[in-house]
1. Kindly establish whether residue 178 is assigned by TED's automatic domain parsing to the domain that holds residue 100, buried (at least 16 other Cβ atoms within 10 Å of the Cβ) and in contact with a strand residue (DSSP E or B) (Cβ under 9 Å, 6 or more places away or on another chain).
2. Taking only segment 201-233 into account, find how many residues are of a type in the set (Gly, Ala, Ser), in contact (Cβ under 8 Å) with a residue 12 or more places away in the chain and loosely packed, with under 14 Cβ neighbours inside 10 Å.
3. State the number of residues belonging to segment 269-278 that are crowded, with 16+ Cβ neighbours inside 10 Å and in a helix (DSSP H, G or I).
4. Conditions: (1) outside the structural domain of residue 299 (by TED's automatic domain parsing); (2) within 22 Å of residue 156 (Cβ to Cβ). Residue 185 meets all but one. Number of the miss?
5. Before we move on, is residue 103 assigned by TED's automatic domain parsing to the domain that holds residue 374, touching a His at 6+ places or on another chain (Cβ under 7 Å), under 18 Å from residue 37 (Cβ atoms) and not polar (S, T, N, Q)?
6. Looking at 359, 297, which is the one that is β-branched (Val, Ile, Thr) and under 23 Å from residue 242 (Cβ atoms)?
7. Going by what's in this entry, would residue 191 be described as assigned by TED's automatic domain parsing to the domain that holds residue 110 and over 29 Å from residue 141 (Cα atoms)?
8. With a cut-off of at least 2 residues that are in the same structural domain as residue 41 (by TED's automatic domain parsing) and over 27 Å from the mean Cα position of the chain (by Cα), name the helices (runs of 4 or more DSSP H) lying wholly within segment 316-386.
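The values are calculated or read from the model by the stated rules, or taken from the named source; none is laboratory data. What you see is a predicted model; the values in this text were computed from it and never measured. Neighbour counts run over all protein chains shown; Cβ positions are idealised from the backbone, glycine included.
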Amino acid sequence: MRPLEDYLVIDFSQFLSGPSASLRLADMGARVIKIERLGIGDICRTLYTSNLIMNGESSVFHAINRNKESFEVDLKSEEGCEMVRGLLKKADVMIHNFRPGVMERLGFDYPTVSALNPTIIYGEISGYGTTGEWKNKPGQDLLLQSVTGLTSLTGNADSGPVAMGLSIVDMLAGAHLAQGILACLYRKAVKSEGGFVQVSMMESAYDFQFETITTFMNDGGSLPERSKQNNANAYLGAPYGIYQTENGYLALAMGSIPQLGNLLGCEKLEDYAEVSEAFEKRDEIKAILASHLLTQTTEKWLSKLEPADIWCSDVLNWNALMAHDGFKVLNMIQEVQMLDGYRYETTRCPIRIDGELLTSPKGSPKLGQDNEKIIKEFITHTTVNV
């Protein structure tokens, strides 16, 4: 039995941040019912983030909404709202990620929902919090990366702002919401109390940088300076970075510069004997190292560095990663199937509990596919046309 079996989650959220939280709860056993707008559904069904359409809808929708049910409803009608209220009365958790004020207008804000169900755990994600002059700005990942300083950490000194190649702030906010919900579910089990969990993408992105921001705040307010080349962390000295080799790339983490010089056969590096020089002279050290590493293959360098317990790695693309035995043994890929028989491969939950892989064969739902079942189960005295 999975830890969250018999828990019911009513999920109003759409796109990435909220659905990533409910996906994690679903993988741990919760039953997740997506509340989707009549005729349209989750915006992620049609707001394509790649050029790949799977079974008529966005690939991202399929990735982040597997293992869920879909309840299509008109929240502008009293009849539709009454059905949702029936679901909420029996739910353990409710999630949404609308801008401040939207749920109040719909009649599903926390005070209203907690009056219906005092022990419900109510979770919400906003872009910038619920107060202040930014509260109504769009909570979109790239915008949050940009406004919170994340784009000043990646790339070289002359690269300008560089965004991460993932919707990292969405995923962080979803992870934080799931953490808060799980904490409140524990309290509910012990004390039979509900709870109100609030997460903003702004705070999640800021918290993500806690290590570097702590350094910044205690360093006289000096902004981080990225190295001129091969930058991977603005606060770490040489050799930290990714370097091109004769046939690929090599990642190097922290390490002694003279030791590297000796192992790699690069006499110039042996001159940097002082530990402080790894940061103070990191640009010239990295330039020497980058030039030297071009002379041999990645495999050659790894054969010298790995036996000496130097922190280093090959740099793989997804094809190479998925072909590697080190990845295959993890069984990270699963095949799921939609109700109409459409099958697709995707990732599994990265968590193991009691040694069990948290997999599920259930794919993403078609819009409204579970209406009839949900109405019969939860709203038995209501007749609705949707």
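1. For residue 178, the condition - assigned by TED's automatic domain parsing to the domain that holds residue 100, buried (at least 16 other Cβ atoms within 10 Å of the Cβ) and in contact with a strand residue (DSSP E or B) (Cβ under 9 Å, 6 or more places away or on another chain) - is met.
2. Residues in segment 201-233 being of a type in the set (Gly, Ala, Ser), in contact (Cβ under 8 Å) with a residue 12 or more places away in the chain and loosely packed, with under 14 Cβ neighbours inside 10 Å: 0 in total.
3. Let us first name the residues in segment 269-278 that are crowded, with 16+ Cβ neighbours inside 10 Å, namely 269, 272, 277-278.
Subsequent filtering for residues that are in a helix (DSSP H, G or I) retains 269, 277-278.
Going through segment 269-278 one residue at a time, the tally reaches 3.
4. (2)
5. yes
6. Details: 359 fails: under 23 Å from residue 242 (Cβ atoms).
Among 359, 297, only 297 is β-branched (Val, Ile, Thr) and under 23 Å from residue 242 (Cβ atoms).
7. When the stated conditions are applied, residue 191 passes them.
8. 371-378
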